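Colleague: Okay, handing you the structure first.
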Amino acid sequence: MQFVANAVKDLLAVDLYDWLLFLHVLSAFFAVGALAALWGLILGTRGAAPMLDQRSAMTYGRTAGILVGVGMLGAIIFGVWLAIHEEAYQVWDGWILASLVLWIATTNLFNRLNATTRQVAGAAW
């Protein structure tokens, strides 16, 4: 029982910066992992004999798409929060502004690809 109490005490001893950094990196891993899963879906549904049927592929794609959104949103929210929280960083630092521009461009690209995918899939989507 003492071990659990010490573990909880150690967990609560972590400061806000560490939590924000952890959640920022975790969100980025969600986004990258889900994007890799979507590429696997694309490769798995190609060819004359696809590995997944259409219904499974759509369910898999929707789930991975949600994880991409959650990951990207979490990465941007926790990243900006980190930049505001830490005095060493400013939101208008060049590398932070560049990451924001890349995030906006990537989000726009995936929104366009998603709209195209829905048009190609038609009513089944």
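Colleague: Please state which of the following conditions VAL14 fails to meet, knowing it meets all the rest: (1) over 30 Å from GLU87 (Cβ atoms); (2) among the β-branched types (Val, Ile, Thr); (3) not in a helix (DSSP H, G or I).
Modeller: For VAL14, the failing item is (1).
Colleague: Of the residues LEU26, LEU21, which is over 17 Å from PHE110 (Cα atoms), assigned to a helix (DSSP H, G or I), of a type outside the set (Ser, Thr, Tyr) and touching a residue at least 60 places away in the same chain (Cβ under 8 Å)?
Modeller: Numbers: LEU26 fails: touching a residue at least 60 places away in the same chain (Cβ under 8 Å).
Answer to the selection: LEU21.
Colleague: For the structure I just gave you, tell me whether LEU82 is among the aliphatic types (A, V, I, L, M) and touching a His at 6+ places or on another chain (Cβ under 7 Å). Reasoning before the result, please.
Modeller: Values: among the aliphatic types (A, V, I, L, M): yes; touching a His at 6+ places or on another chain (Cβ under 7 Å): yes.
So LEU82 fits the description; yes.
Colleague: Right, something else. Of the residues GLY65, GLY74, which is touching a His at 6+ places or on another chain (Cβ under 8 Å), within 20 Å of ASN111 (Cβ to Cβ) and of a type outside the set (A, V, I, L, M)?
Modeller: Values: GLY65 fails: touching a His at 6+ places or on another chain (Cβ under 8 Å).
On inspection, the qualifying residue turns out to be GLY74.
Colleague: Here's a follow-up. Only one of these is of a type outside the set (Lys, Arg), surrounded by fewer than 16 Cβ atoms within 10 Å (Cβ to Cβ) and modelled with pLDDT of 85 or more: VAL32, VAL68, VAL14, VAL91. Name it. Walk me through how you get there before you give the answer.
Modeller: On the way: VAL68 fails: surrounded by fewer than 16 Cβ atoms within 10 Å (Cβ to Cβ); VAL14 fails: modelled with pLDDT of 85 or more; VAL91 fails: modelled with pLDDT of 85 or more.
That would be VAL32, the only listed residue that is of a type outside the set (Lys, Arg), surrounded by fewer than 16 Cβ atoms within 10 Å (Cβ to Cβ) and modelled with pLDDT of 85 or more.
Colleague: Take the stretch 47-65 and flag every residue that is among the hydrophobic types (A, V, I, L, M, F, W, C) and either touching a residue at least 40 places away in the same chain (Cβ under 8 Å) or crowded, with 17+ Cβ neighbours inside 10 Å (or both). Step through it out loud before you land on a result.
Modeller: Going through the stretch 47-65, the residues among the hydrophobic types (A, V, I, L, M, F, W, C) turn out to be 48-49, 51-52, 57-58, 64.
Residues satisfying the conditions are ALA57, MET58, ALA64.
Colleague: Considering (1) without any contact (Cβ under 8 Å) to a residue 40 or more places away in the chain; (2) over 14 Å from LEU21 (Cα atoms); (3) surrounded by fewer than 14 Cβ atoms within 10 Å (Cβ to Cβ), say which one GLY44 fails and leave the rest.
Modeller: Checking GLY44 against (1) without any contact (Cβ under 8 Å) to a residue 40 or more places away in the chain; (2) over 14 Å from LEU21 (Cα atoms); (3) surrounded by fewer than 14 Cβ atoms within 10 Å (Cβ to Cβ), the one that fails is (3).
The values are calculated or read from the model by the stated rules, or taken from the named source; none is laboratory data. The structure displayed is predicted, hence computed values, not measured ones. Positions of Cβ are generated from backbone atoms using ideal geometry, with glycine treated the same way; all protein chains shown enter the neighbour counts.
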